[in-house]
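S.K.: Structure in C-alpha cells, see below.
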Amino acid sequence: MNIISIANQKGGCGKTTVAINLSSCLALKNKRTLLIDMDPQGHSSLGLAVPEEQIEMSIYDVLCAREDKPLTLDKITWQISKNFDLAPSTVELAGFEQQFAGVPGRELKLSQALQAVKDKYDYCIIDCPPSVGLLTFNALRASNGVIIPVETGYFSLHGLEKQLETLELLEQQCDQKLIIKILPNLYDVRTRLGREMLAEMRKRYSDRMFKTHVNFNIKLKESASLGQAINEYDSSSVGFKDFSHLADEVIVIFEPSISKTPDLSAEIDELAERAAKLLEESTKVLGSEPESYKQAPAEKKLEMIYGVTQTPEGVKFLAKFPEAKSVAIAGDFNNWSPAETLLKRVEGFDGDWELLLPLEKGRHQYRYVVDGVWQHDPYNNYVESNPFGELNSVVEVE
Ligand SMILES: Nc1ncnc2c1ncn2[C@@H]1O[C@H](COP(=O)(O)OP(=O)(O)OP(=O)(O)O)[C@@H](O)[C@H]1O
Ligand SMILES: [Mg+2]
C-alpha cells in the first residue's frame with residue numbers, strides 16, 4: 001500500500017480538493033483507495049457528503065484506542081463508491097495533540113493503525129490540516145510519499161520553500177525516505193502571474209514537480225459544496241481531466257514496475273531490432289554510439305528508441321500514444337502550425353507514431369499535438385519553459 005500525505009501548512013491551497021479528487025480518480029482506475037481525513041475541520045468528510053452528526057466513530061477514536069483494546073480502521077470507514085472508502089474526522093480530533101502531549105510514540109499512532117489495512121488497499125491518501133502539529137506529523141511518519149499542492153500565486157513559493165525544509169528535516173531526523181512531489185493548483189492560464197509562477201516553479205524545482213497541474217476550475221468548487229467528487233459531478237470538466245491525469249502520473253511514480261513493463265514485454269525482440277537499426281543510423285551522423293546508450297541496461301535501451309534520433313535523412317520523431325487518434329508536431333521549424341506535419345502510425349506496433357523531418361542545423365523547439373491537445377514530448381527529457389508556463393521539447397541538430 002502506498003501512503004501519500006497531502007500536506008502544506010499554508011491554508012486554502014487545495015489539500016482537501018486534491019485529497020478527495022485524487023482518491024476518487026485512483027478508485028476509478030481500479031485502485032483500492034482509502035482517504036483519511038486528518039483535519040479536525042472535517043472538510044474531506046463534508047466534501048463527500050458525510051454529515052458530522054452521523055459520524056459515530058472517527059479517525060480520532062482509532063488514534064486514541066487503547067493498545068489492549070484496539071479499534072481497527074475498518075470499523076469507522078464509510079464506503080463512498082466502488083474502491084473508495086473514507087475514514088472521517090470530526091472536531092474532536094482537535095483535542096488529540098493536547099491529550100497525547102508527552103506520551104512516547106504519539107507520532108506513530110496513525111502508522112500503527114494503518115498496519116491492519118495494508119493489504120486491503122492499494123493507496124491511502126491523507127488530507128492534512130494546515131499546520132505542522134502532531135496530526136500532520138502522524139500523517140508524514142506513516143507515509144512513503146507527500147504531495148504538496150501549491151497555489152500558483154503571490155507568496156506561495158516562500159511557503160513552499162519552508163514546507164520542503166520541514167520535510168527534509170523530518171527525513172533526516174527520522175531516517176525516513178519520502179517521495180516528495182509538488183502539484184501546482186488553481187492555475188489560471190489567462191493571468192501573466194500564473195504563467196510566470198508556473199514557469200519559475202518548473203525551473204526551480206524541476207524533478208520535484210508533477211508534469212500535471214490543476215487548473216482553476218469552478219466545477220471543483222461546486223462539486224465540493226454539493227458533497228461530490230468531480231467525476232460524479234461533471235466528468236466532462238477540465239477539473240476531472242486534470243485529476244485523471246494526476247492519478248495516472250501518481251501511478252507511474254508510485255508503481256514504476258507495473259506501469260512500464262506491460263507495453264514492452266510482448267514486443268521485446270522487434271523493439272530491440274528497431275533500436276539497433278535506429279542506433280546504426282544515428283551513429284552515421286554522430287560518429288559513435290552515444291555514451292548514455294552504451295551504458296544503459298537492456299530494458300532502458302528499448303525505451304531510448306522513443307524520442308528524437310538524428311539520422312542521415314533528418315530527425316526521426318518516435319512516440320508511443322496508445323489511445324491517440326491523431327498525432328502532429330508543431331515547432332519553430334513549421335511556424336508552430338501542426339496541420340502539415342502529421343505523424344504516421346507505425347505498422348505492426350500498436351500505439352507507435354513516427355515522422356522523419358529534415359531539419360536545419362541548430363536548436364529547435366517543438367511540441368506534440370495529440371488529438372488536438374498540445375503537450376511536450378514525454379520521451380525527450382530536454383525541455384524548456386515557454387511563456388505560457390508549459391514545457392517545449394528541444395532537439396539540437398548537429
Ligand atoms: N483547482 C481549483 N479550482 C477551483 N477552486 C479550487 C481549486 N482548488 C481548490 N479550490 C477551492 O479553494 C478553496 C480551498 O480549497 P481546499 O479546501 O481544498 O484547500 P485546503 O488546502 O484543504 O484548505 P485548508 O488549509 O483550510 O485545509 C475551496 O473552496 C476549494 O473548492
Ligand atoms: Mg483542507
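The numbers here are math on the coordinates, done by the rules we state, and not lab data. Since this is a predicted model, take the numbers as computed values, not measurements. Cβ: placed from backbone, ideal geometry, glycine included. Neighbour counts: every protein chain shown.
S.K.: Once you have the Cα-Cα distance between Asp350 and Phe155, take 0.36 nm times their residue separation minus that, and quote the gain in nm to one decimal.
M.R.: Working: separation 195, 0.36 × 195 = 70.20 nm, distance 4.62 nm.
Extra length from Asp350 to Phe155 when fully extended: 65.6 nm.
S.K.: May I ask for the angle, rounded to the nearest 10°, between helix 192-205 and the longest principal axis of the chain, with both axes built from Cα atoms and the value confined to 0 to 90°?
M.R.: 90 degrees
S.K.: Would you mind ranking Asp119, Asp350 so that the residue whose beta carbon has the fewest other beta carbons within 10 Å leads the list?
M.R.: Numbers: Asp119 9, Asp350 12.
Fewest to most other Cβ atoms nearby, the residues stand as Asp119, Asp350.
S.K.: Counting only Cα atoms, I'd like the Rg/Rh figure for the chain, Kirkwood definition for Rh.
M.R.: Expressed as Rg/Rh, it is 1.02.
S.K.: Counting Lys +1, Arg +1, Asp -1, Glu -1, what net charge surrounds Arg363 among other residues with beta carbon under 14 Å of its beta carbon?
M.R.: -4
S.K.: Taking the Cα centre of the range 2-254 as the origin, how large is its charge dipole in debye, to the nearest 20, when only Lys and Arg (+1) and Asp and Glu (-1) carry charge on their Cβ atoms?
M.R.: Details: 28 positive and 32 negative charges, 154 e Å.
Computed about the Cα centre, the dipole is about 740 debye.
S.K.: In whole Å, what are the extents of the range 47-110 along the principal axes defined by its C-alpha atoms, from largest to smallest?
M.R.: 39, 22, 17
S.K.: Further question on the same structure: Taking a 21 Å limit on the Cα-Cα distance, which of the listed pairs Lys120/Lys177; Lys82/Lys221; Lys15/Lys221; Lys31/Lys118; Lys29/Lys211 fall beyond it? Let's see the in-between values first.
M.R.: On the way: Lys120/Lys177 23 Å; Lys82/Lys221 23 Å; Lys15/Lys221 13 Å; Lys31/Lys118 13 Å; Lys29/Lys211 19 Å.
In this structure, Lys120/Lys177; Lys82/Lys221 lie more than 21 Å apart at Cα.
S.K.: Oh, and also: Output ³J(HN,Hα) for the range 233-240: one whole-Hz value per residue in order, computed from phi by the Karplus curve 6.51 cos²θ - 1.76 cosθ + 1.60 with θ = phi - 60°, and x for Gly and Pro.
M.R.: 6, 7, 7, 9, 6, 4, x, 5
S.K.: Amide H to amide H under 5 Å from Ile126: which residues, 5+ apart in sequence or cross-chain, H placed 1.01 Å off N in plane?
M.R.: Residues meeting the criterion, in which the H sits 1.01 Å from N, are Ile4, Ser5, Ile6, Ile36.
S.K.: Through the Karplus equation 6.51 cos²θ - 1.76 cosθ + 1.60, θ set to phi - 60°, convert the phi angles of the range 107-112 into ³J(HN,Hα) values in whole Hz; use x for Gly and Pro.
M.R.: 7, 10, 4, 5, 4, 5
S.K.: Please list the non-local residues whose amide H lies under 5 Å from the amide H of Leu186, H modeled 1.01 Å from N, same-chain partners needing a gap of 5 or more.
M.R.: Val214, Phe216
S.K.: Rank the residues Asp39, Asp188 as a footprinting-exposure proxy: fewest other Cβ atoms within 10 Å of their Cβ go first.
M.R.: Neighbour counts put them in this order, fewest first: Asp188, Asp39.
S.K.: Using amide H atoms built in the peptide plane, which far-off residues or other-chain residues are under 5 Å from Met209 H to H?
M.R.: Ile182
S.K.: Then there's this: For the chain, what does the relative contact order come out to in percent, with C-alpha contacts under 8 Å and a separation of six or more?
M.R.: 15 percent
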